Amino acid sequence: MTVDELRAALRGVPDPDWLATALDRVAAEPTAIARFFPAAGRRCGRHDLPDLPGWTADEAARALLLASLRTDHAEQAGALYRTGDAAEKRAVLKALPMLPIGAAGTPLLHDAIRTNDTRLVAAALGPYARHLDPPAWRQAVLKCVFTGVPLAAVADLDSRADGELAEMLAALAAERRAAGRSMPADATELLDRLTAASQPQPREVLCGSSTRTST
């Protein structure tokens, strides 16, 4: 996701003048974001953005406000997350990959993953989750399975899923079978893929090239 894509998707907001003013003020005065950030839902709407699947108008506007900061990105993101409601927290999490903060926002991911708010968990496992270390990331994926968050929400799932995650999923599947419960279909498919990938490949028999017929 880029700032230009967010701007393009927000061209039809109900109050474009308010958004333009808010972005200019935040760029000039970082602390002004505390005033504009909560108002984005009322001013820009909370509807889904057709040109930005998975984003709502208030999330995109709030992400733009954070991206408009010239300084204090990590500090402001942390403050807005801690004081915000669920929608504001999701916006902060979704904005993290666009901010020049390195891994400084990782504690926000840990906090979101500890909650039982499935939308927060899903937002935490977007592209910025690359900063989670492997054990924490695996536990977060397992949390998705427990809470019913679709694994499609997990960024880089195919490239990061490994044998240890497969063992964790297999153990969970066994527990659920014993309790007469099933695994979500996407978790079963992932476990099947990981299991198949871990199986030794049959050695190819090269006919004609490895043997000779005597004459």
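Checking the a/c ratio against 1.5 first, then a/b against b/c, what shape does the Cα gyration tensor give for segment 10-113? Please list the in-between numbers first.
Details: a/c = 1.77, a/b = 1.24, b/c = 1.42.
Cα axes put segment 10-113 in the oblate bin.
If I model a spin label as a point 7 Å beyond the Cα along the Cα-Cβ vector, how far apart are those points for Arg181 and Ala103 in nm?
The answer from the label model is 3.3 nm.
Which of the trypsin sites (Lys or Arg not before Pro) found in segment 1-55 are loop residues per DSSP with 16 or fewer other Cβ atoms within 10 Å of their Cβ?
In loop regions of segment 1-55 (DSSP not H, G, I, E or B), the sparsely surrounded trypsin sites (Lys or Arg not before Pro) are Arg11, Arg46.
Pairing the Cα long axis of helix 185-198 with the longest principal axis of the chain, what angle in degrees results, from 0 to 90 and rounded to the nearest 10?
50
Given a 1.4 angstrom probe, I'd like the percentage of the accessible area of the chain that is carbon and sulfur, rounded to a whole number.
Looking at the chain in its full context, I get 52 percent from C and S.
At a Förster radius of 25 Å, what calculated FRET efficiency corresponds to the Cβ-Cβ distance of Val3 and Thr83, to the nearest 0.05? Numbers along the way, then the final one.
On the way: r = 24 Å, r/R0 = 0.96.
For Val3 and Thr83, the calculated efficiency is 0.55.
From the Cα gyration tensor of the chain, with a ≥ b ≥ c the square roots of its eigenvalues, which class applies: rounded if a/c is under 1.5, or else prolate if a/b is larger than b/c, or else oblate? Write out the running numbers ahead of the final one.
Working: a/c = 2.76, a/b = 2.09, b/c = 1.32.
The shape class here is prolate.
Per the helix-only calculation at 222 nm, which mean residue ellipticity applies to the chain, given -39500 (n - 2.57) for every DSSP H run of n ≥ 4 and division by its residues, nearest 500 deg cm²/dmol? It would help to have the intermediate numbers written out before the result.
Details: 12 runs with 129 residues, N = 215.
Taken over the chain, the calculation gives -18000 deg cm²/dmol.
Read phi for every residue in segment 172-181 and hand back ³J(HN,Hα) as whole Hz from Karplus 6.51 cos²θ - 1.76 cosθ + 1.60, θ = phi - 60°, with x for Gly and Pro.
Those phi angles translate into 5, 4, 5, 4, 5, 4, 4, 8, x, 10 Hz.
Considering the dipole of the chain built from charges on the beta carbon (Lys and Arg +1, Asp and Glu -1) around the Cα centre, which of Ala174, Ala161, Pro100 is farthest to its positive end?
Ala174
Decide, for segment 145-204, between rounded, prolate and oblate: order the square roots of the alpha carbon gyration tensor eigenvalues as a ≥ b ≥ c, take rounded if a/c falls under 1.5, and otherwise choose prolate if a/b is larger than b/c, else oblate.
Because a/c hits 1.5 or more and a/b fails to exceed b/c, segment 145-204 counts as oblate.
If you average the sequence gap of Cα pairs under 8 Å that are 6 or more apart and divide by the length of segment 1-145, what percent do you get for the contact order?
20
If you take the charge dipole of segment 2-76 about its Cα centre, with +1 on Lys and Arg Cβ and -1 on Asp and Glu Cβ, which of Ala74, Ala57, Ala9 is farthest toward its positive end?
My answer, from the dipole projection, is Ala57.
Using a 1.4 angstrom probe, figure out how much accessible area the chain has per residue, in square angstrom, rounded to the nearest whole.
For the chain, the solvent-accessible area averages 55 Å² per residue.
Once you've got the GNM for the chain with C-alpha springs shorter than 10 Å, pick whichever of Pro135, Pro127, Pro100 has the biggest mean-square fluctuation.
Looking only at Pro135, Pro127, Pro100, the largest GNM fluctuation is found for Pro135.
Using a Gaussian network for the chain with springs between C-alpha atoms less than 10 Å apart, which of these wobbles most: Val13, Val121, Val141?
Val13
Quick one: length gained pulling Ser159 to Ala32 fully straight, 0.36 nm per residue minus the C-alpha distance?
Working: separation 127, 0.36 × 127 = 45.72 nm, distance 3.96 nm.
Contour length minus the Cα-Cα distance gives 41.8 nm.
Roughly speaking, what is the stretch gain from Asp15 to Ala136, that is 0.36 nm per residue apart minus the C-alpha to C-alpha distance, in nm to one decimal?
39.5 nm
When the Karplus curve 6.51 cos²θ - 1.76 cosθ + 1.60 is applied with θ = phi - 60°, which whole-Hz ³J(HN,Hα) does each residue of segment 18-24 get, with x for Gly and Pro?
With the stated coefficients, segment 18-24 comes to 4, 5, 4, 5, 4, 5, 5 Hz.
Could you tally the net charge around Thr31, taking each other residue with its Cβ under 11 Å from the Cβ of Thr31, Lys/Arg +1 and Asp/Glu -1?
Its environment carries a net charge of -1.
The values are calculated or read from the model by the stated rules, or taken from the named source; none is laboratory data. All figures in this text were calculated on a predicted structure; none of them were measured in a lab. As a convention, Cβ positions derive from the backbone with ideal geometry for all residues, glycine included, and neighbour counts pool all protein chains shown. Quick note on the areas: whole protein, heavy atoms, side chains included, nothing else; ligands and nucleic acids left out. Shrake-Rupley method; radii C 1.70, N 1.55, O 1.52, S 1.80 Å.
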